[in-house]
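The values are calculated or read from the model by the stated rules, or taken from the named source; none is laboratory data. What you see is a predicted model; the values in this text were computed from it and never measured. When we count neighbours, we look across all protein chains shown, and the Cβ atoms used for this are built from the backbone with ideal geometry, even at glycine.
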Amino acid sequence: MPHTFKSRHALNKRVIAGSVLLALVGACGGVHASGGPLGSSGGPPATFVATTSETRSSRVIDVRDGVSKAAAFRAATDLLTQRASVDVSDQRAGFLMTPWQATSTRNGVPDLRYRMRVVIRFVGDDWKQVIVRAEANWQRGDEWDIGYDSKVLDDVANDLRARIGKKPAS
């Protein structure tokens, strides 16, 4: 009987060690399906655009006449809270920012190498314009590539434009 117990114990240790190894390989993303949101190379999502240009990474929206500062700020806050939490909110300064978030997943697990946040800033004393940014970073080793998420930027800018932006001339 002691011999059987020892053999079973050794087998259990090997099974557990193998399971842990498989879990670690899976968590590190050792195998990637091509065509996924991060592509076959294991790089950033296709929506990530590496740039340090503020012009490319921002959308400027003209605020519709008659929209008060309070209504504009409330609309921007409501929009962001539908998508994420708001980390910084300063109504007097006209500034909103979400926290950095891992918005991309790999094998059902958040990929912590990709992070993104949204910044909304009303411009000038009269707030006739608002700037929307969707800052994103992709980590390669110890370095972060700086850029923006083109899809999130377009989605947030379009949603905010529909809520408080000037209507296009017909």
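The residue list 96, 112 contains one member that is touching a Leu at 6+ places or on another chain (Cβ under 7 Å) and in contact (Cβ under 8 Å) with a residue 24 or more places away in the chain, which is 96.
What do you reckon, is residue 124 within 21 Å of residue 55 (Cβ to Cβ), loosely packed, with under 13 Cβ neighbours inside 10 Å and of a type outside the set (A, V, I, L, M, F, W, C)? For residue 124, the condition - within 21 Å of residue 55 (Cβ to Cβ), loosely packed, with under 13 Cβ neighbours inside 10 Å and of a type outside the set (A, V, I, L, M, F, W, C) - is met. The lone criterion from (1) more than 16 Å from residue 155 (Cα to Cα); (2) at pLDDT 90 or above left unmet by residue 35 is number (2).
Count of the range 128-170 residues, restricted to those that are hydroxyl-bearing (Ser, Thr, Tyr) and surrounded by fewer than 17 Cβ atoms within 10 Å (Cβ to Cβ), is 1.
Here is a list of conditions, (1) touching a residue at least 40 places away in the same chain (Cβ under 8 Å); (2) farther than 12 Å from residue 132 by Cα; (3) of a type outside the set (Phe, Trp, Tyr); (4) not in a loop (DSSP other than H, G, I, E, B), and residue 67 meets all of them except one; can you say which number that is? If we test residue 67 against (1) touching a residue at least 40 places away in the same chain (Cβ under 8 Å); (2) farther than 12 Å from residue 132 by Cα; (3) of a type outside the set (Phe, Trp, Tyr); (4) not in a loop (DSSP other than H, G, I, E, B), just (4) comes out false. Which ones in the range 150-170 are of a type in the set (Asp, Glu), touching a helix residue (DSSP H, G or I) at 6+ places or on another chain (Cβ under 9 Å) and within 20 Å of residue 55 (Cβ to Cβ)? Scanning the range 150-170 gives a single hit, 155.
If the condition is being farther than 15 Å from residue 149 by Cβ, surrounded by 15 or more Cβ atoms within 10 Å (Cβ to Cβ) and out of contact with any Phe, Trp or Tyr (no Cβ under 9 Å at 6 or more places or on another chain), then the range 43-63 contributes only 61. Test residue 46 against the stated conditions and say whether it is in contact with a Lys or Arg (Cβ under 9 Å, 6 or more places away or on another chain) and either in a strand (DSSP E or B) or without any contact (Cβ under 8 Å) to a residue 40 or more places away in the chain (or both). Answer is yes for this residue. Restricting attention to the range 64-100, which residues are closer than 25 Å to residue 112 by Cα and loosely packed, with under 11 Cβ neighbours inside 10 Å? Answer for the range 64-100, where residues must be closer than 25 Å to residue 112 by Cα and loosely packed, with under 11 Cβ neighbours inside 10 Å: 82, 85.
A residue that is of a type in the set (D, E, K, R) and over 24 Å from residue 62 (Cα atoms) cannot be found anywhere in the range 147-162.
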